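The values are calculated or read from the model by the stated rules, or taken from the named source; none is laboratory data. Values in this document were obtained by computation on a predicted structure and should not be read as measured data. Neighbour counts run over all protein chains shown; Cβ positions are idealised from the backbone, glycine included. Just so you know, the surface numbers come from the protein's heavy atoms only, side chains and all, with ligands and any DNA or RNA stripped out. Shrake-Rupley method; radii C 1.70, N 1.55, O 1.52, S 1.80 Å.
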Amino acid sequence: MREDIGPGAFAGAVSFFSVWPVKLIAGLVLFFALVQTEFALALPAAGALGIGFAADLWARLASSRLSFTLCPDRDRVFPGENVGLVIELYNKKLLPVWLTLELPVPPHFAEEEASGGQGFLHSGLRLLSWEKSRRVLGLRARTRGVARPGPARISAGDLLGLSSRTRSFGTAREIVVFPRRLRLKALSVPFQEYFGSHAARGPVEDPAWYAGTRDYTGTRPAKNIHWKASARLGTLQEKLYEPTLQRKLLFVLDADGWEAGEDPAGVSGNFERMMETLGTLAAALMETGASFGLVTNARLEDSPGGVLPAGRGPEHLGSLLEILARVTGTGGAGLEATLRGAASEYAGFVYCASSPGRRAARVCREISGRKKVFCVFGGADSRDTPVWEGFPACRMEDLCEDPE
Amino acid sequence: MEKIPAMTNDCAALVENAALVVVGKKRVLELMSVALLAEGHVLLEDVPGLGKTLMAKALARSMGGSFRRIQFTPDLLPADVTGFSVYDQKTGEFVFHPGPVVCNVLLADEINRTIPRTQASLLESMGEFQLTVDGRTLVLPRPFFVIATQNPIEMDGTFPLPEAQLDRFLMRIDLGYPSRGEEISILERFQESDPLESLCAVLSPDRVRELQRLRARVVVSAAARSYIADIAAASRAHARVRFGVSPRGALGMMRAAQALAMMRGRDFVLPDDIKDLARPVLEHRIILRHEERTRGVSARDVLGEVLDGVPVPVAD
C-alpha cells in the first residue's frame, strides 16, 4: 500500500511551545511589553512565540511530501513462522525530517523479542533531503487467523521535538495464518482403509495396465489386439484395461454442536484442534497425489462460502488451509443442503464433527449411499468408537499429535 | 557468416506470415520463432479457446516442411507416437512403421491428456532428435520442432507433465486473452473464411536449418555467459526452491538469447536478451518447495527475485 502524506492529513500539534494558550499568553505579554517598552520582558516573550511558530512551521513542512509504504514480506504463513513488515518512507523535499513510527502488533501475531515486547513496534528514524528509508519490523505468527497490519501511527516533527504532527495508516494487505500442521500418527490400519480404498473411477481406462484379454470382437481399434496372446491361443485376443483410479475425497467440517470457547469468537480449543487435524490430513493426502475438497458450515471472515471444489497439489492445499484460517466461529447450519450439491463427484468423505449424535448420523447418511464415509470426532464428549452407525470412526487424538 | 539483415528479414517474415492468421500475438510468435531457431521446443499453456492450436498450425505452415499432429488422448500408447514394427510374412522380417513423430513440425495437442508413459515416449525425440524402437535408432529429420499445447485448469482425466518432460521444453508460453480491439479483428478476419487455409510457407526446412546453424555463431561474451550461469546458480540457491534451473536450462537460455539477438539484427547477445527471455525459458524449470506452493508463491515470483538479485553485467 502506498500513501502520500499531505500537510492537511496530519492531526494536531503537541508540545508546550506549540499549544495555542502558550502562544496566546506569549503574544499578550509581547504586546504589553512593547507598549510599555519593557524590552527585557519582550525579548523572552518574542523568543517563546518565535520558537512556537518556527516549530509549528517545521512540523507542517516536515509532514508534507512524505511517501509511506507498508507491506508484509509474505502473506501466507504457518504458526511459528516470521513475517517482516516492510515500511518504506521517502522524504521528497529539501527539509530533513525526524519521524517516529508506531505499529500495533496485529492479532494472531506476537512481536519478535528484539521489538521490545510492548505490544507495539516502535521505530524512530531521520530522513535527510530526498532520502529513502526502508525498515523491517519483525512479527511471529502465533495462532490461526487472518490479520491486517495497522493502523500505523507516524509522527513527523522538528529537530528538537517541540512540535509534531501525527497520522494513522492502515493497509489493505492481509496476512493469513494457516492452522498449525500436526504430526500424523502411525495408523493401525492402512491409510487407504480410512480414506477410501474404493477410489473414484476415472473417465478413461488406463492403457498402461492390462487386466486381461478376451476374444477380439472387431469393435475396437486393432491396436488393442494382444498379438502374443493371439499367437498363443490361435484366435485374435484384445486387451482389457484397468480403469484409471483417482482418489478423490471430500472433507466435511461440521461446525455445529461444538462447545463454546473462551476467545471472542467463541471458537473452542477442540474445534481449533480439529481444524489442525483436518489440515494435516489434507496435507498428507496431497502428498499422495489425491484430489480433495472441503465443505464447511462454519462462519468465515471475508469469504463467500465454505465450499472448495476438488483439486490436487500444494496450491489446492493452500486454498483449503486458507478457508480454515478464515473460520471465525462455529454453530453454522445447512450442511446437508450444501452437501447434496457438492458430494456426487467424490469417492469418499471424511466427516469431522464434534461428537457422534443424531445430527452427525443424519449427515453421514446423507452423504453415504454407495460412498465411503470416515468419521473423525473431536468434541469434549467424543468417545473411542472404532465403528459408529456402520461407519469407521475415530477421535482426532488418534490421528495426529503435536509436532516435536 | 551470412549478413545479419538477411537472417533478420527471414525471421521477421516467418512471424509476419503467421500473424496473418493469429491476431495480436506477435510477441508469442516471436518467442516461438526464437525457440525454433534455438533448436528447442515450445509448450503453449493457457485456458481453452485462445488459439493455441491455431498458432502452432500457422507457424508450422509458415516454415514449411512436414507437419504432423497428434491429439493426445488417455488411451494413446507410446507406439502411437513413435511407431512400431510389424511382421511382414512375405519377407519374413519385421518392418518398422514410423509414427507421427517422424516429421519437421509436430503438434502435440493437449499433451497432458495422455498418461505419463506416452508422454515419456517423446523424451528421446525432443532431447536428442532421434528415436529408438525395438533396439533400432532412427535419426529424425531436421529441423525437428515440437509444439505442445495444454490446458492448465482441468483436473479430471489429465496427467501433469513430469519435471523431466517439462525441462525438455525450451519455453513455456502463456497466451493471455486478446484485447477488445484484437477480438474484433479476430471476428472480422474469420467472418467469411479461415485464413489458415490460404496461408503459404515463407521458409523451407533447409533455410530454417541454415538459420539454426548461423544462430550458433552469434557471439556470446564471457560476461553474458557468466550472467546466465549466475542466474542458474541463484535459482538453485534460492531458499524457496526445491530444484532450480538445470544446466540444460542454462544452455537453452544461451541458445534462445542468440536467436533473439539474431532476430533483432545483432550478431552478439546483450544482457537485455537474457532478461527478456528469462520468464518463458526459465520459469517452468523452477520447482518450488511444496510449502511455498501451499502459500501461493509462484515460480514467477521467485524468478523475479532471482533476476533482481543477480547483477546485470555492464560494459567496461
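Selection of region B:53-72 for residues being open to solvent by less than 20 Å² (accessible area, probe 1.4 Å) and in contact with a Leu (Cβ under 9 Å, 6 or more places away or on another chain) yields B:Met55, B:Ala56, B:Ala58, B:Leu59, B:Ala60, B:Ser62, B:Met63, B:Gly64, B:Ile70.
Residues that are open to solvent by 10 Å² or more (accessible area, probe 1.4 Å) and either more than 22 Å from A:Glu397 (Cα to Cα) or away from chain B (no Cβ under 14 Å) (or both) within region A:269-287 comprise A:Gly269, A:Asn270, A:Glu272, A:Arg273, A:Glu276, listed in sequence order. For residues in region A:253-302 being at positive phi and under 19 Å from the mean Cα position of the chain (by Cα), which is modelled with the lowest pLDDT? Filtering region A:253-302 for residues that are at positive phi and under 19 Å from the mean Cα position of the chain (by Cα), the one modelled with the lowest pLDDT comes out as A:Gly266. Looking at region B:123-179, the strands (runs of 3 or more DSSP E) lying wholly inside it that each contain 1 or more residues that are among the polar types (S, T, N, Q) and surrounded by 14 or more Cβ atoms within 10 Å (Cβ to Cβ) sit at B:145-150. Across region B:222-250, the number of residues qualifying as open to solvent by less than 50 Å² (accessible area, probe 1.4 Å) and of a type in the set (S, T, N, Q) comes to 2.
Return yes or no: is A:Ala13 crowded, with 16+ Cβ neighbours inside 10 Å, of a type in the set (Gly, Ala, Ser) and at pLDDT 85 or above? No; evaluated as a whole, the condition is false for this residue. Suppose the filter is out of contact with any helix residue (DSSP H, G or I) (no Cβ under 9 Å at 6 or more places or on another chain), over 30 Å from A:Phe292 (Cβ atoms) and free of Cβ contacts under 8 Å to residues at least 60 places away in the same chain; does B:Phe94 pass it? So B:Phe94 passes the test. Among helices (runs of 4 or more DSSP H) entirely within region B:15-90, having at least 3 residues that are closer than 30 Å to A:Asn224 by Cα and either at pLDDT below 80 or of a type outside the set (Val, Ile, Thr) (or both) singles out B:78-82.
Residues in region B:274-296 that are touching a residue at least 60 places away in the same chain (Cβ under 8 Å) and within 14 Å of chain A (Cβ to nearest Cβ): 1 in all. For region B:73-97, residues that are open to solvent by less than 10 Å² (accessible area, probe 1.4 Å) and more than 13 Å from chain A (Cβ to nearest Cβ) total 0. Checked against (1) within 14 Å of chain B (Cβ to nearest Cβ); (2) surrounded by fewer than 22 Cβ atoms within 10 Å (Cβ to Cβ); (3) at pLDDT below 75, A:Arg312 passes all but a single condition, namely (3). When B:Phe243 is tested against (1) within 23 Å of B:Ala60 (Cα to Cα); (2) of a type in the set (Phe, Trp, Tyr); (3) touching a residue at least 40 places away in the same chain (Cβ under 8 Å), just one condition goes unmet, and that condition is (1). May I ask you to verify whether B:Pro100 is in a loop (DSSP other than H, G, I, E, B) and surrounded by fewer than 22 Cβ atoms within 10 Å (Cβ to Cβ)? Here the answer is yes, as B:Pro100 does meet what is asked. Scanning region B:14-46 for residues that are among the hydrophobic types (A, V, I, L, M, F, W, C) and open to solvent by 30 Å² or more (accessible area, probe 1.4 Å) yields a count of 1.
Somewhere in region B:102-114, is a residue under 24 Å from B:Glu39 (Cα atoms), polar (S, T, N, Q), assigned by TED's automatic domain parsing to the domain that holds B:Gly64 and in contact (Cβ under 8 Å) with a residue 24 or more places away in the chain?
The answer is yes, given that some residue of region B:102-114 is under 24 Å from B:Glu39 (Cα atoms), polar (S, T, N, Q), assigned by TED's automatic domain parsing to the domain that holds B:Gly64 and in contact (Cβ under 8 Å) with a residue 24 or more places away in the chain.
Looking only at region A:109-130, residues that are open to solvent by less than 50 Å² (accessible area, probe 1.4 Å) and either at pLDDT 80 or above or more than 23 Å from A:Gly157 (Cβ to Cβ) (or both) come to 6 in all.
Matching residues to (1) over 26 Å from B:Leu251 (Cα atoms); (2) among the acidic types (Asp, Glu):
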site: B:Leu43; (1), (2): no, no
site: B:Asp88; (1), (2): yes, yes
site: B:Thr91; (1), (2): yes, no
site: B:Phe96; (1), (2): yes, no
site: B:Asn104; (1), (2): no, no
site: B:Asn112; (1), (2): no, no
site: B:Glu124; (1), (2): no, yes
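Residues of region A:194-252 that are under 30 Å from A:Leu339 (Cα atoms) and modelled with pLDDT of 80 or more: A:Leu249, A:Leu250, A:Phe251, A:Val252.
Here A:Trp98 clears all of (1) open to solvent by less than 50 Å² (accessible area, probe 1.4 Å); (2) modelled with pLDDT of 80 or more; (3) more than 14 Å from chain B (Cβ to nearest Cβ); (4) touching a Leu at 6+ places or on another chain (Cβ under 7 Å) except the condition numbered (1). Within the set B:Glu197, B:Glu188, B:Glu182, the sole residue that is open to solvent by less than 60 Å² (accessible area, probe 1.4 Å), of a type in the set (D, E, K, R) and assigned by TED's automatic domain parsing to the domain that holds B:Ala19 turns out to be B:Glu182. Being within 13 Å of another protein chain (Cβ to nearest Cβ), of a type outside the set (Val, Ile, Thr), within 19 Å of the chain's Cα centre (by Cα) and under 29 Å from B:Arg215 (Cβ atoms) is the requirement here; does B:Ala299 meet it? Considered against the rule, which asks whether it is within 13 Å of another protein chain (Cβ to nearest Cβ), of a type outside the set (Val, Ile, Thr), within 19 Å of the chain's Cα centre (by Cα) and under 29 Å from B:Arg215 (Cβ atoms), B:Ala299 comes out as yes.
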